[in-house]
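Since the structure comes first, as structure tokens, the remarks are kept for the end.
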Amino acid sequence: MSAYIVFQRVMTINKASLAQYSQEVGDSFKETLVDFLAAYGKQETLEGVETEGTVILKFTSMVAAKEWYYSDAYQKAAQHRFLGAQYNATLVEGTDTE
């Protein structure tokens, strides 16, 4: 069953760190089957706290999503994201109807 990671950038802290993250994160996907369903496109907050941007990634399974997220390649890049902004990140399993 597919799984999704939803990243929501709450607040930018350091633009240079985010730029470094953007340069490095692409390499973390080289060995991963992933679909980018949304990436910082136009958005409208309907409920809750407004965020600066959203990314939605689709993986083949919860296991595959976790393998990517916890991989050395992603965690190396993610250190720059952690320094660059506050994010919410949620892993959610898809439905049987996909």
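Below is a table of values for the structure above.
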| quantity | calculated |
| --- | --- |
| Unique residue being at pLDDT 95 or above and open to solvent by less than 70 Å² (accessible area, probe 1.4 Å) when the list is Leu57, Leu46, Leu37 | Leu57 |
| Candidates Val92, Val49 - the one that is aliphatic (A, V, I, L, M), under 16 Å from Met1 (Cβ atoms) and more than 11 Å from the chain's Cα centre (by Cα) | Val92 |
| Some residue of region 57-65 being in a loop (DSSP other than H, G, I, E, B) and charged (D, E, K, R) | no |
| Scan of region 20-41 for residues that are basic (Lys, Arg) and part of a helix (DSSP H, G or I), ordered by number | none |
| Hits in region 64-96 - residues which are within 15 Å of Val25 (Cβ to Cβ), open to solvent by 60 Å² or more (accessible area, probe 1.4 Å) and not aliphatic (A, V, I, L, M) | Tyr70, Asp72, Lys76, Gln79, Phe82 |
| Positions within region 20-33 being open to solvent by 30 Å² or more (accessible area, probe 1.4 Å) and not aromatic (Phe, Trp, Tyr), in sequence order | Gln20, Ser22, Gln23, Glu24, Gly26, Asp27, Lys30, Glu31, Thr32, Leu33 |
| Hits in region 3-19 (condition: of a type in the set (A, V, I, L, M), assigned to a strand (DSSP E or B) and exposed (fewer than 15 other Cβ atoms within 10 Å of the Cβ)) | Val10, Met11 |
| Within region 66-75, tally of residues that are of a type in the set (Gly, Ala, Ser) and part of a helix (DSSP H, G or I) | 1 |
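The values are calculated or read from the model by the stated rules, or taken from the named source; none is laboratory data. Predicted model, so just to flag it, every value in this text is computed and none were measured. Every residue, glycine among them, receives a Cβ derived from its backbone with ideal geometry; neighbour counts consider all protein chains shown. Accessible surface areas use protein heavy atoms only, side chains included; no ligands, DNA or RNA. Shrake-Rupley method; radii C 1.70, N 1.55, O 1.52, S 1.80 Å.
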